[in-house]
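The values are calculated or read from the model by the stated rules, or taken from the named source; none is laboratory data. Not measured: the values here are computed from a predicted model. So basically every Cβ, Gly included, is an ideal-geometry build from the backbone, and we count neighbours across all protein chains shown. Ligands, DNA and RNA are excluded from the accessible area calculation, which covers all protein heavy atoms including side chains. Shrake-Rupley method; radii C 1.70, N 1.55, O 1.52, S 1.80 Å.
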Amino acid sequence: MPVNKHSRDALIIFSVALATFMARLDSYIVNVSLPTMARYFDTGLSDVSRVVFIYVLATASTLLLFGKLADRKGLKRFFLWGYLLFTGGSFLCGVSAGIDMLTVSRFVQGIGSAMLAATSLAIISRHIPREKTGRAFGIFTSASALGITMGAPLGGFITEYASWHWIFLINIPIGVAAIIIAGKVIPGEVVQERDVSVTRFDFPGAFLSLAAISLLLFALNSGQEYGWTSAIILSGFIVSALCGVAFVAWEKRFVSPLIDLALIGNPRLYFPLIANFIIYLTMAAHNFLIPFYLDLLKHMTPARIGLLLTIYSAVFVVVPFCSGKYSEKTNPVLISTLAMAITAFSFFFFSFTLHLGGLLFVVAFFVIRAIGNGMFVPPNNILIMKASSQKDEGTISGILNTVSYLGATIGVVLFETIFSQIIHPSGSDHTLTGPGFSADNLLTGFHCVFLLLGFISVVGVIVSYLAGINTKRKELSS
């Protein structure tokens, strides 16, 4: 049965939104089930925590690779392969008989997630009419936020009333349906190799980028466990940096590089990418710190904390759609700059009111910050994808998602370290009940870190504004 153009566009947006929803959901749905898995496999939390880390590692380290491959071999092909691997990996996770099999299966699932993430934004940019891209990016962002929001409560519900296996097996019917829909509605692409140089894939560049990102993520995620000055962590940072330098040097001389460095040198691209890094850094830092604030200073139970956080999530799910729709009618630079300014204000507001009693100012902070974050993402995505040519959309989508993952990871690690040093000035005991720990130190720590997040967001305001200096309105609509 033929599908009209309007329905086809809606189904393409639905397929892409569902992909990001599933990928984000599975980043968070596992966390609440880790203790249950540890008991089921009779293993320690350190072993079962690999189930979380391997998924992030597989996804973040391969985004650049799959973005480039999708540009060469076709977005639709890699999008469908992503769904297939994600769904197949989910099945393997659900039937895993041991912790090692579960870890390997999560790696397969993460590879599928990377393929979906590297192609999703590019598919919107290429196949959705220009007058609908703002709404499409808004729906995409809302679906991503919904996946993050539903992860923990859905994981807990399924684990309690069914079993942990079903947090993975539930993906199978959804994934199969998504593959069928995407296969029918996403247009195929004829990929023509124009010369011999294009047929040579940049395997050294792919290896160096994979090594640099993997080692950086390992060092950042394992620094607390092994110690930041331990040989293994310092070696991870050093080798990652060396691989990064070697990657840049190689990309400059290879005829068909994994990343065309001239793209990154375009101010219309690198300013929005920096702003994207900042917004994800601040979001991740906030999401890490705020439960401790509500627990330690407001003395709230986990259930009440989760309920209160749904206020932020509810606003964040709704705002992107409105922001994306409005970005179609006005300059996206103005919206992203205003959104970053609102985010900065929210952090300053909270840093000077967090010592007050009650929850009124906390709720106000959640609402203001959710508006800022939700407003920012769709127009900034528009700026980034519009700065790329059609042949580079997969690559740019991969770069954008890699920057997001790195920003989120660095945000948690950086602010965890800063906060720990402030509340434990002696540095001798970093537990929450050790010597030197006090409510005054807590208040000082939270005030300082949220104040710092405000200043970092001010940098984001400047960067977002600079993105518009080289972006004319006629270029965005051309």
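The figure for Ile382 is an accessible area of roughly 10 square angstrom, using a 1.4 Å probe on the protein chains alone. Toward the positive end of the charge dipole of the chain, with +1 on the Cβ of Lys and Arg and -1 on the Cβ of Asp and Glu, the farthest Cα among Ile422, Ser90, Leu273 is that of Leu273. Of the cross-linked pairs Lys76/Lys132; Lys252/Lys329; Lys73/Lys184; Lys184/Lys325, those separated by over 30 Å at the C-alpha level are Lys252/Lys329.
Averaged per residue, the chain has 42 square angstrom of accessible surface, using a 1.4 angstrom probe with ligands and nucleic acids left out.
Rolling a 1.4 Å probe over the protein chains gives Trp166 an accessible area of about 130 Å².
Long hydrophobic helices in the chain, taken as whole DSSP H segments with a C-alpha length of 24 Å or more on their own axis and mean Kyte-Doolittle hydropathy at least 1.6: 332-351, 439-466.
Extending 7 Å from Cα along the Cβ direction at Lys329 and again at Val95 yields two label points whose distance is 5.2 nm. Counting Lys and Arg as +1 and Asp and Glu as -1 over every other residue whose Cβ lies under 14 Å from the Cβ of Ala143, the net charge comes to +1.
Using 1/(1 + (r/R0)^6) with R0 = 35 angstrom and r between the beta carbons of Phe348 and Leu307, what's the FRET efficiency to the nearest 0.05? The value I calculate is 0.85. What does the C-alpha gyration tensor say about the overall shape of region 256-385? Classify as rounded when a/c is under 1.5, otherwise prolate if a/b is larger than b/c, or oblate. Prolate is the answer for region 256-385, as a/c is 1.5 or above and a/b outweighs b/c. Residue ranking by accessible heavy-atom surface, 1.4 Å probe, largest first, among Met150, Met340, Met375 comes out as Met150, Met375, Met340.
State whether region 203-242 is rounded, prolate or oblate according to the following rule on the C-alpha gyration tensor (a ≥ b ≥ c being the square roots of its eigenvalues): a/c under 1.5 gives rounded; otherwise a/b larger than b/c gives prolate, and the remaining case gives oblate. Prolate, because a/c is 1.5 or more and a/b exceeds b/c. Taking 0.36 nm per residue of separation and subtracting the current Cα-Cα distance, fully stretching the chain between Gln224 and Lys252 would add 6.5 nm. Here the sum of -39500 (n - 2.57) over DSSP H runs of 4 or more residues, divided by the residues of the chain, equals -27000 deg cm²/dmol at 222 nm, to the nearest 500. Would you mind telling me the share, in percent, of accessible area of the chain contributed by carbon and sulfur at probe 1.4 angstrom? Taking all protein chains in place, the chain shows 69 percent carbon and sulfur surface. Taking Cα centre as origin and charging only the Cβ of basic (Lys, Arg, +1) and acidic (Asp, Glu, -1) residues, the dipole magnitude of region 35-125 rounds to 400 debye.
Does a label point 7 Å from the Cα of Ala314, set along Cα-to-beta-carbon, have any residues of region 264-303 with amide nitrogen under 18 Å, and which are they? Residues 303 qualify, since their backbone N sits under 18 Å from the label point. Look at the alpha carbon pairs under 8 Å that are at least 6 residues apart: their mean separation over the length of the chain gives a relative contact order of 23 percent.
About its Cα centre, the dipole of the chain is roughly 1620 debye, where the only charges are +1 on Lys and Arg Cβ and -1 on Asp and Glu Cβ.
Ile158 contributes an accessible area of around 20 Å² to the protein surface, as traced by a 1.4 Å probe with all chains present.
The C-alpha radius of gyration of the chain, expressed as a fraction of 2.2 N^0.38 Å, stands at 0.96. Measuring nothing but how far apart in sequence close Cα pairs (under 8 Å, 6+ apart) lie, relative to its length, region 1-149 scores a relative contact order of 39 percent.
Pairs of Cα atoms nearer than 8 Å and 6+ residues apart set the relative contact order; for region 209-304 it is 19 percent.
Shape of region 291-353 from its Cα gyration tensor (a ≥ b ≥ c, root eigenvalues): rounded if a/c is under 1.5, otherwise prolate when a/b > b/c, or oblate? It is oblate, given that a/c is not under 1.5 and a/b is not larger than b/c. Apply 1/(1 + (r/R0)^6) to the Cβ-Cβ distance of Phe203 and Ala241, taking R0 = 22 Å, and write down the FRET efficiency to the nearest 0.05. So, using R0 = 22 Å, E works out to roughly 0.55.
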